[in-house]
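Everything below concerns the one structure shown next.
The values are calculated or read from the model by the stated rules, or taken from the named source; none is laboratory data. As the structure is a computational prediction, the values presented were derived from the model and not from experiment. Methodologically, a virtual Cβ is constructed for each residue, glycine included, from the backbone with ideal geometry; neighbour enumeration extends over all protein chains shown. Calculation scope for accessible area: heavy atoms of the full protein, side chains included, ligands and nucleic acids excluded. Shrake-Rupley method; radii C 1.70, N 1.55, O 1.52, S 1.80 Å.
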Amino acid sequence: MDSSQDLCCMHLLSSNEGRFIAFTDSSWTRYTEFASKWNVFPCKERDVAVEALDRLSLTMEGINTCPRPMPSAELMPGYHRQCNNRFCDIQKVRRQEKAASKKEASREENDMGDVNAHS
């Protein structure tokens, strides 16, 4: 019997119900693509990715070039299907990008107002 601990690298749900799936080369590539997208936002998805990578002794820097981590006696890296569906949801990423761009535009508008007030 395998004694390794499952490590859901996209664990966003409080329950870990559902089948655990070990990474394949293609699912690892998809994971790294989304981890890179989430990395620019201060959000739960970013925190989950950073924590999982830390447990795998990897960092976000250069993640897209890291080979798929192989299972070890201690850890079996992979994901739950429901976690994967939430983590790799391009619509959620786009909403986050839109919110960040609105926040940046508002910040720039406020900065311009401050400059004009001091002129």
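Of the residues that sit in the stretch 1-55 and are in a loop (DSSP other than H, G, I, E, B), farther than 11 Å from C83 by Cβ and among the hydroxyl-bearing types (S, T, Y), which one is modelled with the lowest pLDDT? Per the stated criteria, the residue is S3. Looking across the stretch 57-77 at every residue that is of a type in the set (A, V, I, L, M) and open to solvent by 30 Å² or more (accessible area, probe 1.4 Å), the one that is farthest from the chain's Cα centre (by Cα) is identified as A73. Taken together, the residues in the stretch 37-89 that are within 17 Å of S14 (Cβ to Cβ) and in contact (Cβ under 8 Å) with a residue 60 or more places away in the chain amount to 8.
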